[in-house]
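Structure first, then comments.
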Amino acid sequence: MRGKWGAEAARRLARLAEVSEPGPGVTRLPFKPEHRAALDLLSGWIAEAGLSVTLDDAGTLVGRHEGPPGARTFYLGSHQDSVREGGAYDGIMGVVLPLLALEKLRRDGVSLPCAVEVLAFADEEGVRFPTALIGSRALAGSYDSAVLETADGDGVTLRAAMEDFGLDPDRIPELKRPRETALGFLETHIEQGPVLEAAGEALGVVTAICGIERHRITVTGKTGHAGTLPMAGRRDALVGAAALVEEVRRLALATPGLRGTVGSLSIRPNVVNAVPREALMTAEFRAADDADRAAAGRALHRFAAELAAREGLQIDIARSYVQPVQLCDPDLSRRLRASVMDSGGRGMDVPSGATHDASAMADLCPMAMLFVRCRGGVSHSPDEYAAPDDLDMAIRAIAHFLASL
Ligand code: HGY
Ligand code: MN
Ligand code: MN
């Protein structure tokens, strides 16, 4: 009956959304109790879909369906983690929907020509630790063990968090999948933008994933009494940070398609009657063109040096994260487009302004992405929403796609 798969997906996603730290929306960070609780839920559904269940040393939950002897493996999946106060669909939808698609294929008596793995990656958002894509990079072989020494806001290193979670992070390099047996990767994800809704389309085929770079900035000035320190000669760290915020915005507005964001900013001593002595902030640029993004990053570093000299501040700025534009594989995308059309859609192309695990999996095998309409284009918010009928169409498209491999 049409709609039943979407209704079940909505039920499961609502249940997973309850697995969150207290507060608005969903906050489910890697290697925290909420992560464990989500894995427990997912493990049951993976088993129900007839797959074996394992947790790898990067914290990725792996559901595997063995194909015919010697068959290569097709990968599906997305991330289980969320941003703080995020939505119920970002990431986790890409784990729940493929499981239901496999259940549908089994019910329909369709046997797959390949092995299949459904992956729930631990950390894609990079919210708790200043790194991301640990699990997908582990499978692709692009993982850098230096990230284990990075720490969260409480000073807990990624290594300690993973070991407390029962993992052995020193064995992550063993997770690399052989290229020759990797057929491809499909990530299903809420669009997180307004394009499909504006076009009246439930599903979209992603053309490319944007490039992204992040910079960590420390502005150091000199504190003093707000009432007695003359304005002349002040070395106000927040004034410097404000100029940097405005420059990020100016650079982004000056280049079509470039996005610039200062998403985090904290100051010290952060009291009403003292001049800020320090500002810690991040700056992020994204673009469909790597040259535009890199030029903006360089321009910001030049601006910071000039600002420091002008304001008598010390400004330390370092690029802390970068990933290039990743194109989706044309053949897989053609196949996916046919499945979307078979499921009732137009097979519309959509670029991705968000980054995804698929951008890391592209270093292992051909990758494609299926986008699902997002109400109002709202994401990274408690208001994030995808309709059950759209989830239903996506499940049917994924099932059709897998059967066509
Ligand atoms: O930042 C992103 O684009 C993704 O949601 N982590
Ligand atoms: Mn996501
Ligand atoms: Mn996200």
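The values are calculated or read from the model by the stated rules, or taken from the named source; none is laboratory data. Computed from a predicted structure; not experimentally measured. Please note: Cβ atoms are built from the backbone with ideal geometry, for glycine as well, and neighbour counts cover all protein chains shown.
Restricting the stretch 277-317 to residues that are of a type in the set (D, E, K, R) and buried (at least 16 other Cβ atoms within 10 Å of the Cβ) leaves a set whose member that is nearest to residue 229 (Cα to Cα) is 277. Pairs linking a residue in the stretch 388-405 that is part of a helix (DSSP H, G or I) to a residue that is of a type in the set (Lys, Arg) and surrounded by fewer than 23 Cβ atoms within 10 Å (Cβ to Cβ), with Cβ atoms under 6 Å and 6 or more positions apart or on different chains, are 399/104; 404/335. Being in a loop (DSSP other than H, G, I, E, B), touching a residue at least 24 places away in the same chain (Cβ under 8 Å) and over 20 Å from the mean Cα position of the chain (by Cα) holds for only one residue in 102, 112, and it is 112. Within the stretch 72-84, can you find the residues that are within 16 Å of ligand 1 (Cβ to nearest atom), buried (at least 24 other Cβ atoms within 10 Å of the Cβ) and not charged (D, E, K, R)? Scanning the stretch 72-84 gives 77, 78, 79, 80, 82.
Conditions tested, residue by residue: (1) within 16 Å of ligand 1 (Cβ to nearest atom); (2) more than 18 Å from residue 396 (Cα to Cα).
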| site | (1), (2) |
| --- | --- |
| 56 | no, yes |
| 63 | no, yes |
| 67 | no, yes |
| 70 | no, yes |
| 86 | yes, yes |
| 112 | no, no |
| 120 | yes, yes |
| 127 | yes, yes |
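Taking the stated definitions as given, is residue 294 at negative phi, part of a loop (DSSP other than H, G, I, E, B) and out of contact with any Leu (no Cβ under 7 Å at 6 or more places or on another chain)? When the stated conditions are applied, residue 294 does not pass them.
The residue list 227, 233 contains one member that is in a loop (DSSP other than H, G, I, E, B), on the phi > 0 side of the Ramachandran plot, touching a residue at least 40 places away in the same chain (Cβ under 8 Å) and surrounded by fewer than 17 Cβ atoms within 10 Å (Cβ to Cβ), which is 233. Here residue 334 does not fit the description of being of a type in the set (Lys, Arg) and surrounded by 24 or more Cβ atoms within 10 Å (Cβ to Cβ).
Note on the stretch 9-50: residues that are surrounded by fewer than 19 Cβ atoms within 10 Å (Cβ to Cβ) and either more than 22 Å from the chain's Cα centre (by Cα) or outside the structural domain of residue 153 (by TED's automatic domain parsing) (or both) total 5.
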